[in-house]
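J.: One structure, pasted below without further comment.
Since every read-out is calculated from the coordinates, none of them should be taken as a lab result. These numbers come from a predicted model, not from an experiment. When we count neighbours, we look across all protein chains shown, and the Cβ atoms used for this are built from the backbone with ideal geometry, even at glycine.
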Amino acid sequence: MMKKLYQKAGLFFLAVMLTFGCAPKRQVQRIETEQSIDLSGRWNDTDSRTVSEEMIKQLLHEKWIENYTLKNQDKKPILIVGLVKNKSHEHIDANTFIRDIERAIVNDGSARLVQAGDKREALRNERAGQQSFASSETAKNWGKELGADFMLQGTISSIVDTYKKEKIIYYQINFELSDLETNEIVWIGEKKIKKYVKN
């Protein structure tokens, strides 16, 4: 009985060794982050980078900033980034290009940026904790937050056209900047990406 058990275990071990021994070896190679490589045809890092670069160029070099500063004694507009809705056919994490846009706003210096969403709540929780646990000299006061002048929001949409082994994937990314006091849309940015995929 034990002999048969050892034989079965030995055969199983041999089968596993043959299976993994014959499997192709995986290769990993480091490449430049700016290099464009499309493996699946789906949304990827190149698309994200292309969108963020185009939106940054449009947002920070359009007339709305100049109009605002002229009306407000050279005061810089304060922006908050709202929701970017994914209405496309696939999962897209918009955070990658949102972070690029936020970084560009801060680094460009022509506008100011305030935190939104979960990060804003984390800051408020920290401020609340300071009221109880920090010294009165170092605790940060309530009511000192900057109110945003404008909110940036976006939408990602897609259309897929398929025939046999060919596919066209079309993405349209739109951003809008709205005046928070008047609801006026002061800027609209758009980027389109079209891919042809053949299997």
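J.: Return Thr46, Thr162 ranked ascending by Cβ neighbour count within 10 Å, so the fewest neighbours appear first. The partial results should precede the final answer.
T.: Values: Thr46 15, Thr162 10.
Going from least to most buried by this count: Thr162, Thr46.
J.: For the range 50-56, in order, what is each residue's ³J(HN,Hα) by Karplus, 6.51 cos²θ - 1.76 cosθ + 1.60 with θ = phi - 60°, in whole Hz (x at glycine and Pro)?
T.: Karplus-based 3J(HN,Hα) across the range 50-56 equals 4, 5, 4, 4, 5, 5, 4 Hz.
J.: May I pose another question? Just check the range 105-144 against the gyration tensor rule for me: Cα atoms, a ≥ b ≥ c as the square roots of the eigenvalues, rounded for a/c under 1.5, and otherwise prolate or oblate depending on whether a/b exceeds b/c. Write out the running numbers ahead of the final one.
T.: Values: a/c = 3.51, a/b = 1.99, b/c = 1.76.
Prolate is the answer for the range 105-144, as a/c is 1.5 or above and a/b outweighs b/c.
J.: Is the range 56-106 rounded, prolate or oblate when judged by the Cα gyration tensor, a ≥ b ≥ c being the square roots of its eigenvalues, rounded requiring a/c under 1.5 and prolate requiring a/b larger than b/c?
T.: Note, shape of the range 56-106 comes out prolate.
J.: Which entries in the list Lys25/Lys195; Lys119/Lys140; Lys71/Lys140; Lys87/Lys119; Lys63/Lys191; Lys63/Lys140 go over 27 Å, if you measure between the two C-alpha atoms of each? It would help to have the intermediate numbers written out before the result.
T.: Values: Lys25/Lys195 31 Å; Lys119/Lys140 17 Å; Lys71/Lys140 32 Å; Lys87/Lys119 24 Å; Lys63/Lys191 18 Å; Lys63/Lys140 36 Å.
Pairs exceeding the cut-off: Lys25/Lys195; Lys71/Lys140; Lys63/Lys140.
J.: Sticking with this structure for a sec: How would you classify the range 50-142 from its alpha-carbon gyration tensor, with a ≥ b ≥ c the square roots of the eigenvalues: rounded for a/c under 1.5, else prolate if a/b is greater than b/c, otherwise oblate?
T.: On the way: a/c = 3.02, a/b = 1.34, b/c = 2.24.
Note, shape of the range 50-142 comes out oblate.
J.: Next question, about the same structure. Can you pull out the GluC sites (Glu not before Pro) in the range 61-159 that DSSP calls coil and that have at most 15 other Cβ atoms within 10 Å?
T.: Working: sites: Glu62, Glu66, Glu90, Glu102, Glu121, Glu126, Glu137, Glu145; in loops: Glu62, Glu90, Glu137, Glu145.
When the GluC sites (Glu not before Pro) of the range 61-159 are filtered for loop state and at most 15 Cβ neighbours within 10 Å, Glu62, Glu90, Glu137, Glu145 remain.
J.: Here's something else I'd like to know. Taking neighbour Cβ counts within 10 Å as the exposure measure, how do Ile185, Ile156, Ile37 sort from fewest upward? Please report the intermediate quantities before stating the final value.
T.: Values: Ile185 13, Ile156 21, Ile37 8.
Least to most surrounded, the residues fall as Ile37, Ile185, Ile156.
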